[in-house]
Amino acid sequence: MNLQAQIEQLYGREAKEFSDEYFRAFDELKAALNEGRVRAAEPDPTSPTGWRVNTWVKKGILLGFRIGRIVEMPPPRAALSPSPQTQIAGEDSGATTQFRDKHTFPLKQIPGDQNIRVVPGGSAIRDGCYIGKGVVCMPPMYVNVGAYVDDGTMIDSHALVGSCAQVGKRVHISAAAQIGGVLEPIGAMPVIIEDDVLVGGNCGVYEGTIVGKEAVLAAGTILTGSTPVYDLVRDAVYRRKDDIPLMIPPGAVVVPGARAFTKGRGKELRISLYTPVIIKYRDEKTDQAVRLEELLR
């Protein structure tokens, strides 16, 4: 039985006790996620969105939560205190830092040959996600299980890459940006950030939004399934429709905007609603402004 079929079968069982069969299957799935051999969603040219959700992978992750037991996960003191002169917060008062989580989801072990930088200072990367070559992680940041972060991407301070989110090559996720995650419902599309996208500071991308290649999200831009995006260049409006998520065209430059109420009490009170606006498409000037500095790597 292949891994997908095994995960599907185990997920469908109503068991209260879990044999080694469960843990072997989950460990195999987690290893494949860590190495990028399987993904919660992957490119699919035949799909209307260009992407396909692998529901069995999400089932496998949820299975890991089901079979996991809560254990204490203290941080390695040697890693926190590289020299006798460095004190751990609270150490002098006898206090200890304590973390508790499912034993099936410890911290990810970062391979030494991938040129990945995880700068000291409170970041966490959960086991069962893929971190590509040359990724830079600035503290504090967090990558959740099932996420896929491709080569050369930078995840800046206070940024989140949520569960099962898919992030392409050479993406810059700026400080305090939130890339939403989704495990349930099983068939829901996770957030997709394609290659060479700039996600500005304090941006939020949620509810399965797909951001096309080389798009730029200006600081403070929020993208959700319920908020339409107005394209002033192509005179179009983009929104989620049925099973098709909100899709930002490749190369679009999106900024926060507002649209006024045109009738009713909202018009009388001169109220406006937030809406993202595409004001241009990427050009040489934009490229120079958002280029990742290779010297930082």
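Some observations on this one:
- Count - residues of region 259-279 that are more than 19 Å from Ser226 (Cβ to Cβ) and either within 33 Å of the chain's Cα centre (by Cα) or of a type in the set (Lys, Arg) (or both): 5
- Each residue in region 181-239 was checked for being under 20 Å from Val290 (Cα atoms) and among the basic types (Lys, Arg), and 1 pass.
- Neighbours by Cβ (under 9 Å, 6+ apart or cross-chain): first from region 47-69, under 21 Å from Ile244 (Cβ atoms); second of a type in the set (Ser, Thr, Tyr) and crowded, with 19+ Cβ neighbours inside 10 Å: Lys58/Ser163
- Among residues of region 193-213, those that are buried (at least 22 other Cβ atoms within 10 Å of the Cβ) and among the acidic types (Asp, Glu), counted: 2
- Of all the listed residues (Arg259, Arg270, Arg291, Arg265), the sole one being loosely packed, with under 14 Cβ neighbours inside 10 Å, of a type outside the set (S, T, N, Q) and at pLDDT below 90 is Arg291.
- Residue check for Ser163: touching a residue at least 40 places away in the same chain (Cβ under 8 Å) and not β-branched (Val, Ile, Thr): yes
- For region 241-256, filtered to residues that are modelled with pLDDT of 95 or more and in a loop (DSSP other than H, G, I, E, B), the residue that is surrounded by the fewest Cβ atoms within 10 Å (Cβ to Cβ) is Pro250.
- Residue match in region 167-184 (condition: in contact (Cβ under 8 Å) with a residue 12 or more places away in the chain, closer than 28 Å to Asp243 by Cα, in contact with a helix residue (DSSP H, G or I) (Cβ under 9 Å, 6 or more places away or on another chain) and surrounded by fewer than 19 Cβ atoms within 10 Å (Cβ to Cβ)): yes
The values are calculated or read from the model by the stated rules, or taken from the named source; none is laboratory data. Predicted model only: the values in this text are computed from it and were never measured. Glycine also receives a Cβ, built like all others from the backbone with ideal geometry; neighbour counts cover every protein chain displayed.
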